[in-house]
Amino acid sequence: MRLNLLLPRALRRFIYVFVSGLCLIGAVGTVQAETIQHTGSDARTLRVAYMEFPPVTYQNAFGEPEGEMVGITRKVAKEAGYELKFLYLPVSRTYLYLKNGSIDFALGLTEVPTLDGAVIDSEINLVSVVLSAWYREGQAPLTDIDDLRDQVVILVNGFTYGGLRSWLERQDDIRITDAPNHRSAIDMLKRGRGDYLLDYRDPVREELMRFSDALIQETEIRTRTGAWLFSAAIPEAQTLKAEFDAAYHRLAERGELSPADTGDIATLLQGFPTP
């Protein structure tokens, strides 16, 4: 005789509902487990922005990230247990994404006024970057920032120069002309379309060596540091900073990276404006 004929209808309904509920709970549990596992996997991949700033950070001929900071970051991320997704972005887009949390961190320079409160800098100084004034042979070298008055100054689009651009733009007796990139800026200087070019030493020297521009001279203006700039808009920013700093120290102790540089750098040309 069939079992359902032996059981009262109410009991059969209870058993059906109970078994169906168990199946539903099991299905939900499976979905949740898969979701948690997927989320955990994604959390281990960090979105990191880098910019065209050779030889510190740049995109090679194959469209891949390269440069001193890129190499260090790859080693440290691996030591800390993270994978990286590199995004090649212009400066303005990088700053926007740091502010709204679209990226986890960027490879960039510290003490950028427009990022004040928007990023958490790493303790480690990854590189030292020199901002210089470049000028043609025969032009007077800079000894004071006021030497730029009544001159035409070439700047590279997108760079804030740690707040120096905004100061220059507020001066009535300093005329600014913009170049789209480092190479164009050098060419403008050579053609006399500006008296001084303000640009960073590393990318300019890369261009000068490539094209043998021996008639371009240099005066150092300011030394800045390159670091990991973690977006303050993401909840785990402080955790990432601590993990990356700790991973760097471990690698340095094993001799796989240079000893950590955590000191302040404050080389400034006389008269350099302060925020």
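The values are calculated or read from the model by the stated rules, or taken from the named source; none is laboratory data. Note that the structure is a prediction, hence the values are computed from the model and not measured. Glycine also receives a Cβ, built like all others from the backbone with ideal geometry; neighbour counts cover every protein chain displayed.
List pairs: first in the stretch 187-213 and outside the structural domain of Ile174 (by TED's automatic domain parsing), second modelled with pLDDT under 95, Cβ under 8 Å, 6+ apart or cross-chain?
Pairs that qualify, where the first residue is outside the structural domain of Ile174 (by TED's automatic domain parsing) and the partner is modelled with pLDDT under 95: there are none.
May I ask you to list pairs of residues, at least six apart or on different chains, whose Cβ atoms are under 9 Å apart, with the first in the stretch 156-171 being closer than 12 Å to Thr114 by Cα and the second being among the acidic types (Asp, Glu) and surrounded by fewer than 19 Cβ atoms within 10 Å (Cβ to Cβ)?
These pairs meet every condition: Gly162/Glu111; Gly163/Glu111.
Taking the stretch 238-247, which residues are among the aliphatic types (A, V, I, L, M), over 8 Å from Asp104 (Cβ atoms) and touching a strand residue (DSSP E or B) at 6+ places or on another chain (Cβ under 9 Å)?
Correct list: empty.
So which residues in the stretch 217-239 are of a type in the set (A, V, I, L, M, F, W, C) and surrounded by fewer than 19 Cβ atoms within 10 Å (Cβ to Cβ), if there are any at all?
The answer is Ala232, Ala233, Ala237.
Could you list all residues from the stretch 85-119 that are surrounded by fewer than 20 Cβ atoms within 10 Å (Cβ to Cβ), more than 11 Å from the chain's Cα centre (by Cα) and not in a helix (DSSP H, G or I)?
Within the stretch 85-119, Lys85, Gly101, Ser102, Glu111, Asp116, Gly117, Ala118 meet the criteria.
Please identify the pairs in which a residue from the stretch 255-275 that is outside any loop (DSSP other than H, G, I, E, B) has its Cβ atom under 8 Å from the Cβ atom of a residue that is basic (Lys, Arg) and modelled with pLDDT of 85 or more, counting only partners at least 6 apart or on another chain.
Close Cβ pairs (under 8 Å, with a partner that is basic (Lys, Arg) and modelled with pLDDT of 85 or more) amount to Leu268/Arg222.
Looking at (1) surrounded by 16 or more Cβ atoms within 10 Å (Cβ to Cβ); (2) within 16 Å of Leu229 (Cα to Cα); (3) touching a helix residue (DSSP H, G or I) at 6+ places or on another chain (Cβ under 8 Å), find the lone condition where Glu79 falls short.
So the condition that Glu79 fails would be (2).
Table: residues versus (1) at pLDDT 50 or above; (2) among the charged types (D, E, K, R).
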| residue | (1), (2) |
| --- | --- |
| Leu6 | no, no |
| Phe14 | no, no |
| Gly21 | no, no |
| Gly26 | no, no |
| Thr30 | no, no |
| Ile36 | no, no |
| Tyr58 | yes, no |
| Glu64 | yes, yes |
